[in-house]
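Here is the structure we will look at, set down as structure tokens.
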Amino acid sequence: MTIFESGRRPPDLPDTLTTWFAKNDQVLRTRGITAELRHSPEDGRLKNGAWLTVEAGNRATQIAVWNSGEAELDFVDLGSGDHRPEHRDLQTEQELHALLGSILDWIVPGTNG
């Protein structure tokens, strides 16, 4: 397990993402946004993760988060073929929630407002 500079452990981002998905999946679907959540296998690894794929229209994104605080994002515009990968080191659940809001705004502008 990674320890942050402050000496505290990072939040359990895979669990946070799972909870967020459970609370928001139906709302997303009513807005024409499809989402799918997957988890790394429970096989004793110290680093576990979860992946959320979100799609609407010609836009898709995937966010992968690990219990280490790392996050990988891929934004894809299927119409233009543009692809933008990003890496983040998240230190709080609030940072993950803000990132999810940004993802939704990118997928369907105005969704998170």
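Every number here is computed from the coordinates shown, using simple stated rules; none is lab data. Everything quoted here is computed from the prediction, not taken from an experiment. We place every Cβ from the backbone using ideal geometry, glycine too, and count neighbours over all the protein chains shown.
The set of residues from the range 66-112 being closer than 28 Å to R45 by Cβ, in contact with a helix residue (DSSP H, G or I) (Cβ under 8 Å, 6 or more places away or on another chain) and either β-branched (V, I, T) or assigned to a strand (DSSP E or B) (or both) comprises W66, A71, L73, F75, R88. Annotation note: Cβ proximity below 9 Å between a residue of the range 32-55 that is within 19 Å of E70 (Cα to Cα) and a residue that is hydrophobic (A, V, I, L, M, F, W, C) and exposed (fewer than 15 other Cβ atoms within 10 Å of the Cβ) (sequence gap 6+ or interchain) occurs for L37/A22; L46/M1; K47/M1.
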